[in-house]
Amino acid sequence: MSREKEKMLAGELYDPLDPELGQARTRARELCLDLNATREADIEPRRTILKQLFGQGGESVWMQPPFFCDYGSNILLGERVFFNFNCVVLDVCEVKIGDFTLFGPAVQIYTATHPMNAELRRTQEFAKPIEIGSDVWVGGGAIICPGVNIGSNAVIGAGSVVTRDIPENVFAAGNPCRVLRAITE
């Protein structure tokens, strides 16, 4: 493993043009292209691609292509996670997703971020890991920002921009996303 990859996974500043990282991104993008070219009847070829793409959970994920990610290997899924059409996961750091979590169409999950200093931003970037619990439902078009944790059984409203942690068993929505009420039923 290159030093730049170690720094990337640790959430430190790293050089995104590192050759090893470039090869890993190319691998993921090629797998995404293959996945996105499958047809609904291509159950076994699709499953094979998903197992190769994800760091964990490819054997039970339910995927509606198209899907896009940076590395794939940094996405760790629980059982029966569902991604609807057109989801994007920028998995520069780990993205951990619990069992039976559902993502509506066009959900975007971003671990990647950039320095505020413009000169540093020209050559370096960094990331913050994201963790999403089990039985979470994220509505269509929601954006989950770097470093966010979402608790189990939470529901995130469509179009929300999640900029901070959301506890378990709540409905949260808006821009920025905020807790609106507890889920009690």
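Of note:
- Between region 71-105 and region 152-179, the Cα center-to-center distance that results, in Å: 17 Å
- Set K51/K128; K51/K96; K96/K128 screened for pairs whose C-alpha atoms are more than 18 Å apart: K51/K128
- Dipole magnitude of the chain about its Cα centre (Cβ charges: Lys, Arg +1; Asp, Glu -1), debye to nearest 20: 320 debye
- V179 - accessible surface, heavy atoms, 1.4 Å probe, Å² rounded to 10: 70 Å²
- For the chain, the solvent-accessible area works out to 50 Å² per residue, with a probe of 1.4 Å and every protein chain left in place.
- Region 68-179 has equivalent-ellipsoid semi-axes of 23, 16, 12 Å, by the square roots of 5 times the alpha carbon gyration tensor eigenvalues, sorted largest first.
- Computed from the C-beta positions of E30 and K7, the FRET efficiency with R₀ = 22 Å rounds to 0.35.
- Relative to the compact-globule estimate of 2.2 N^0.38 Å, the Cα radius of gyration of region 122-185 comes out at 1.15.
- Accessible surface of the chain [probe 1.4 Å, protein heavy atoms]: carbon and sulfur percent: 53 percent
The values are calculated or read from the model by the stated rules, or taken from the named source; none is laboratory data. Computed from a predicted model, the values in this text were never measured in an experiment. Cβ coordinates were reconstructed from backbone atoms using ideal geometry, including for glycine residues, and neighbour counts include every protein chain displayed. Side chains included, ligands, DNA and RNA excluded: accessible areas come from the protein's heavy atoms. Shrake-Rupley method; radii C 1.70, N 1.55, O 1.52, S 1.80 Å.
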